[in-house]
Amino acid sequence: MQSAFDIAVVGSGFAGSLIAMIARRLGRSVVLLEKGKHPRFAIGESSTPLANLLLEQLADRYDLPRLRPLTKWGTWQQTYPHLACGLKRGFTFYHHEAGREFTDDDSHQKQLLVAASPNDRIADTHWYRPDFDAFLMNEARELGALYLDEVDLWGVNMEPKRPVLQGRHRAQQLEIHADFIIDATGPRGFLHRALDLPEVPVPHLPPTQALYSHFVGVQSRARDCSGNTLKRELPPYPPDDAALHHVFDGGWMWVLRFNNGITSAGVACRQGAFDLTRGETSWQQFLDKFPGVRAQFAEAKATLPFVHVKKLSFLSGEAAGANWALLPSAASFIDPLLSTGFPLTLLGVERLARLIETKWGQPDFATELSNYSMQTTMEIVSAGRLVAALYASMHDFELFRALTLLYFAAASYTESARRLGKPELAGETFLLGEHPTFAARCRSCAEAALRHPTGARRDLLLRAIQQAIQPVDVAGLGQDRRNWYPALAEDLFVNADKLHATRGEIQAMLERCGFN
Ligand SMILES: Cc1cc2nc3c(=O)[nH]c(=O)nc-3n(C[C@H](O)[C@H](O)[C@H](O)COP(=O)(O)OP(=O)(O)OC[C@H]3O[C@@H](n4cnc5c(N)ncnc54)[C@H](O)[C@@H]3O)c2cc1C
């Protein structure tokens, strides 16, 4: 089979299908090429307020109304109850020590709960990727993208003006001519190998590994972990309805519950911290070390073979050329910590969509791609620096907790600015990377944490973090809330000036979002 298209998208995960849909809406002919077959397992499940806002804005801008209900738990349940997902009200962290039961008191020193939404209706979700990705792929097809699965691509010829993808589709030879190739095949994916692109280290990040699977029979342990022994006060949200993190020296574990009885769980840690190479055996040995986690998995059974990823982080030396681009998820990966994968990828989708919308066929298309490449790399490096600082602090939970607030402050400020229609306040770079004060301060705090400060230097760093977040803190993160941070409208009203907004503008935004 031989065909010609404006755009070939390689990889039909959520991101490949999404950019294919947008390209169709912009009038481009599109082929979407997939190695496997839907529905299929994919890792990377926990969305965030910023990820959902980006998805919502892409759905609005490119007239994709069927995607909009997927951006909130409530509308998802109403519109697509047959697509499994999980309820995510926030980020829950518990700190564990090897060999010890988890205990805490009402000061919550061993925990951090940061609410992302005030109610279930407008809450975020964990995407059950077999359902979610198959749905998006079908949407891309409905919009006219030619979808070919079970494709085996073995190369790309970049010599002709129009690059040619070569491979096989089932029993047939395949030759696809495309003006522009978008690689959405994930880290160390198709173009990275076909173009022999260099891999470069993500600066500061220690080498990390992961072991994960899907399970049934996982217990709810978060209520026992709440530490609120006298049960005088309720946490800001049920701690299990969240991205639940068990943090320990050298790594952390995620637990994400879906509404179909399945729970996604896995460990990410420094190479050498634990032996994770032996699947189920390593998993059980890991649980045996942490009694505070083990009970949660006492009855659990894996529903899929365990996956061990020897080296998690990845950065391609280039993310785009004159007529090709890697989505951020193909150009890089940092770590699942802080769920940066989706927002970074969606920012990349947003940028490529703008390029196709405004620069298609124009001489500066290639120049703009080169800017895209630089911006993609820059964002990974700065997000990677913060994640590296968190890895360096996992033994010191007070410092770890403070560092996460840099992320939460930047993310909630960006979300609020965009929702207020003032995106320029947050700039175009992830985690306020262009902000006049925050960007430099965040960087310097992360660098200080990487030097493993103790004593007075550590105290200084804790104060520097507070100073860094203060100008952009619109979520009460600087308040002493004993590490339980609810999502309160009042925090936005009190901090309206930081968003250059009136009380009325904040009120209107909250009503638009269904906050009350
Ligand atoms: C352990 C782990 C946990 C994570 N957790 C989170 C999280 O909680 N939140 C978050 O935001 N991010 C997370 N991420 C990141 C997240 O997984 C990615 O951002 C996301 O999956 C990217 O989606 P995608 O559609 O670009 O790629 P993928 O989901 O990787 O899909 C790639 C597709 O391309 C296909 N493909 C591969 N090679 C070829 C080829 N040669 N030809 C054709 N098709 C091909 C594959 O079959 C697949 O369908 C996590 C990542 C890891 C490794």
- Item | Near pairs, Cβ below 8 angstrom, 6+ apart or cross-chain, from the range 483-507 (assigned to a helix (DSSP H, G or I) and at pLDDT below 95) to any residue that is hydroxyl-bearing (Ser, Thr, Tyr) and buried (at least 19 other Cβ atoms within 10 Å of the Cβ) | none
- Go through (1) of a type in the set (A, V, I, L, M); (2) buried (at least 20 other Cβ atoms within 10 Å of the Cβ); (3) outside any strand (DSSP E or B) one by one and return the number of the condition Ala134 breaks. (2)
- Whichever residue in the range 20-47 is of a type in the set (Lys, Arg) and within 7 Å of the ligand (Cβ to nearest atom) and, among such residues, is farthest from the chain's Cα centre (by Cα): Lys35
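Listed here are the residues, each with its yes/no results for (1) outside any helix (DSSP H, G or I); (2) in contact with a strand residue (DSSP E or B) (Cβ under 6 Å, 6 or more places away or on another chain).
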{"position": "Ala268", "(1), (2)": "yes, yes"}
{"position": "Glu280", "(1), (2)": "no, no"}
{"position": "Phe286", "(1), (2)": "no, yes"}
{"position": "Gly292", "(1), (2)": "no, no"}
{"position": "Pro305", "(1), (2)": "yes, no"}
{"position": "Leu315", "(1), (2)": "yes, yes"}
{"position": "Glu318", "(1), (2)": "yes, no"}
- Query: Consider Thr281 against the criteria (1) within 16 Å of the ligand (Cβ to nearest atom); (2) over 22 Å from Phe333 (Cα atoms); (3) exposed (fewer than 13 other Cβ atoms within 10 Å of the Cβ): it satisfies all of them except one. Which criterion is unmet?
  - Reply: (1)
- Query: What are the residue pairs meeting all of these: first residue in the range 112-132, first residue farther than 19 Å from Ile262 by Cβ, second residue among the acidic types (Asp, Glu) and within 12 Å of the ligand (Cβ to nearest atom), Cβ atoms under 6 Å, and 6 or more apart or on different chains?
  - Reply: Ala116/Asp124
- Query: Going through the range 466-482 one residue at a time, which ones are surrounded by 14 or more Cβ atoms within 10 Å (Cβ to Cβ), without any contact (Cβ under 8 Å) to a residue 40 or more places away in the chain and charged (D, E, K, R)?
  - Reply: Arg481
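Of Val164, Val200, which residue is within 27 Å of Glu318 (Cα to Cα), away from the ligand (no atom under 14 Å from the Cβ), touching a residue at least 12 places away in the same chain (Cβ under 8 Å) and touching a His at 6+ places or on another chain (Cβ under 6 Å)? Can you show your working first?
Working: Val200 fails: touching a His at 6+ places or on another chain (Cβ under 6 Å).
One residue alone meets the criteria, Val164.
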- Task: Could you grab the pairs with beta carbons closer than 6 Å, sequence gap of 6+ or different chains, first residue in the range 6-32 and farther than 17 Å from Asn323 by Cβ, second one among the hydroxyl-bearing types (Ser, Thr, Tyr) and within 14 Å of the ligand (Cβ to nearest atom)?
- Result: Gly11/Thr185; Ala15/Ser329; Ala15/Thr345; Leu32/Ser12; Leu32/Tyr147
- Query: Among the residues of the range 246-278, which ones are away from the ligand (no atom under 16 Å from the Cβ) and closer than 22 Å to Leu113 by Cα?
  - Reply: Phe248, Asp249, Gly250, Asn259
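Please pick out the residue among Ala134, Ala115 that is within 30 Å of Trp73 (Cβ to Cβ), within 14 Å of the ligand (Cβ to nearest atom) and not charged (D, E, K, R). Quick ask: steps written out before the conclusion?
Values: Ala115 fails: within 14 Å of the ligand (Cβ to nearest atom).
Exactly one residue qualifies, and that residue is Ala134.
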- Query: Of all the residues that make up the range 1-19, how many are at pLDDT 95 or above and more than 11 Å from the ligand (Cβ to nearest atom)?
  - Reply: 4
- Query: Of the residues in the range 403-437, how many are in a helix (DSSP H, G or I) and touching a residue at least 12 places away in the same chain (Cβ under 8 Å)?
  - Reply: 21
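So how many residues does the range 483-516 have that are of a type in the set (Gly, Ala, Ser) and surrounded by 16 or more Cβ atoms within 10 Å (Cβ to Cβ)?
The number of residues fulfilling the criteria is 3.
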- strands (runs of 3 or more DSSP E) contained entirely in the range 140-204, each with at least 1 residues that are more than 24 Å from the chain's Cα centre (by Cα) and among the aromatic types (Phe, Trp, Tyr): 146-148, 151-157, 172-183
- Within the range 352-410, how many residues turn out to be within 27 Å of Gly272 (Cβ to Cβ), surrounded by fewer than 22 Cβ atoms within 10 Å (Cβ to Cβ) and either of a type in the set (Ser, Thr, Tyr) or at pLDDT below 95 (or both)? 1
- Give the residue, chosen from Asp149, Asp183, that is near the ligand (Cβ under 9 Å from one of its atoms), in contact (Cβ under 8 Å) with a residue 60 or more places away in the chain, surrounded by fewer than 20 Cβ atoms within 10 Å (Cβ to Cβ) and under 25 Å from Phe342 (Cα atoms). Asp149
- Message: Return the residues of the range 304-327 that are within 28 Å of Met158 (Cα to Cα) and within 9 Å of the ligand (Cβ to nearest atom); say none if nothing qualifies.
- Response: Leu327
- Just wondering, is there one or more residues in the range 311-323 that are in contact (Cβ under 8 Å) with a residue 60 or more places away in the chain, polar (S, T, N, Q) and over 23 Å from Arg193 (Cα atoms)? no
- Just checking, which of Leu67, Leu50 is surrounded by fewer than 23 Cβ atoms within 10 Å (Cβ to Cβ), within 17 Å of Leu347 (Cα to Cα), at pLDDT 95 or above and within 15 Å of the ligand (Cβ to nearest atom)? Leu67
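Scanning for something part of a helix (DSSP H, G or I), among the polar types (S, T, N, Q), more than 15 Å from the ligand (Cβ to nearest atom) and within 21 Å of Ala51 (Cα to Cα), does the range 328-345 turn up at least one residue? Break it down into steps so the answer makes sense when it comes.
Our first condition is that a residue be part of a helix (DSSP H, G or I); within the range 328-345, this holds for 328-331, 337-339, 341-345.
With among the polar types (S, T, N, Q) added as a condition, the list becomes 329, 339, 345.
From what's left, more than 15 Å from the ligand (Cβ to nearest atom): none.
No, that holds for no residue.
The values are calculated or read from the model by the stated rules, or taken from the named source; none is laboratory data. Fair warning: this is a prediction, and the values are worked out from it, not measured in the lab. Cβ coordinates were reconstructed from backbone atoms using ideal geometry, including for glycine residues, and neighbour counts include every protein chain displayed.
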